[in-house]
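Following: one structure in structure tokens, then a few remarks.
Readers should treat all values here as calculations from the given coordinates under stated rules, not as data from a laboratory. For clarity, every value in this text was computed on a predicted model and none was experimentally measured. Heads up, the Cβs are rebuilt from the backbone with ideal geometry, glycines too, and the neighbour counts pull from every protein chain shown.
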Number of protein chains: 2
Amino acid sequence: MDIAEVSRLSGLAPSALRYYEKIGLIQPNGRKGLRRQYAKKIINKLNLISLARMAGLSLNEIMTMFNESDELSIDRYLLAQKASEIDVQIKRLQAIRDSLNHVASCPQSDHLQCPSFQQLMKSVKPCSP
Amino acid sequence: MDIAEVSRLSGLAPSALRYYEKIGLIQPNGRKGLRRQYAKKIINKLNLISLARMAGLSLNEIMTMFNESDELSIDRYLLAQKASEIDVQIKRLQAIRDSLNHVASCPQSDHLQCPSFQQLMKSVKPCSP
DNA sequence: TTACAACTTGAAGTCGGCTTTAAGTCAAGG
DNA sequence: CCTTGACTTAAAGCCGACTTCAAGTTGTAA
């Protein structure tokens, strides 16, 4: 497969694929002339990368997930830890959503003083953006 | 209150407060000499700003939430819409978390092919990072 | 009065994750 | 064989939200 095909199948721009290669995250199988040729299994790897990106992992973190043979050599503990971080994030988002709904429905301009709002803010504050 | 006090109470760096002022998001009450002096209610505004930031709103979006008197002049529809966007985000995060847990617990290297994983990936794909 | 910590400014720098640009190369169809 | 569109490169640019820097000013305690 050439880069356009990989781009189409993975949903990642060719420039992103070249970027991933530059930082050592992926490797083409070889070249035909100058052109990169990829094995099909790269798609799986890219899907996994996308998943990890969406989970909030940085590309550097993601690099530690694969060994030289492109197999997952995951620190499963790290992954489980990430999963629970996401759980925390979910709870924060729920609190934020509730706060937004409160602000949206409370007609007072001083709802900032409203006990329930204050409570929500507290549950949200601990982590910064 | 001077800027250090506001920083302490709001959890925002002085440089961030100056930045917010530069883009027109906040205003000090006045100056003592060169130094900014803030009214206490700025803390409420800053808390609200932090909340909105955590909810994923940009500073530009946040600016539209206040009128000239620093009162919330919210497009409540916009807020409710944001709240439901967050709901979507929560559902995505739940799917991502489930995917991570799957990857972390599935010992096969080809779990990428595993139907349940494929299913999770699908539910996660629609939105890009 | 003097020292000095804490403020002030505008401009430039940082971060990650790409995208864009400009200039060049080349595989493959006609 | 020639064209051409898809690739190639290195380097620069972009985004938002700040932070850092260098140089200057000033409120306040001693």
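Quick notes
- Qualifying positions in the stretch A:29-46 - closer than 30 Å to A:Val88 by Cβ and either within 11 Å of DNA strand D (Cβ to nearest atom) or touching a Gly at 6+ places or on another chain (Cβ under 9 Å) (or both): A:Leu46
- Scope the stretch A:62-73; condition among the aliphatic types (A, V, I, L, M) and surrounded by 17 or more Cβ atoms within 10 Å (Cβ to Cβ); matching residues: A:Ile62, A:Met65, A:Leu72
- None of B:Ile26, B:Ile62 is within 14 Å of DNA strand D (Cβ to nearest atom), within 24 Å of B:Asp2 (Cα to Cα) and more than 14 Å from chain A (Cβ to nearest Cβ) except B:Ile26.
- Number of the exception - B:Lys82 against (1) outside any helix (DSSP H, G or I); (2) surrounded by 15 or more Cβ atoms within 10 Å (Cβ to Cβ): (1)
- Odd one out for B:Ala95, checked against (1) among the small types (Gly, Ala, Ser); (2) at the interface with chain A (Cβ under 7 Å from one of its Cβ atoms); (3) out of contact with any Lys or Arg (no Cβ under 8 Å at 6 or more places or on another chain): (2)
- A count restricted to the stretch A:12-61 and to residues that are surrounded by fewer than 14 Cβ atoms within 10 Å (Cβ to Cβ), part of a loop (DSSP other than H, G, I, E, B), near DNA strand C (Cβ under 10 Å from one of its atoms) and under 20 Å from the mean Cα position of the chain (by Cα) stands at 3.
- Among the residues of the stretch A:1-11, those that are within 11 Å of DNA strand D (Cβ to nearest atom), of a type outside the set (Ser, Thr, Tyr) and surrounded by 15 or more Cβ atoms within 10 Å (Cβ to Cβ) comprise A:Met1, A:Ile3, A:Val6.
- Flag for B:Asn44 being within 25 Å of B:Arg8 (Cα to Cα), within 7 Å of another protein chain (Cβ to nearest Cβ) and either touching a residue at least 12 places away in the same chain (Cβ under 8 Å) or out of contact with any Ser or Thr (no Cβ under 8 Å at 6 or more places or on another chain) (or both): yes
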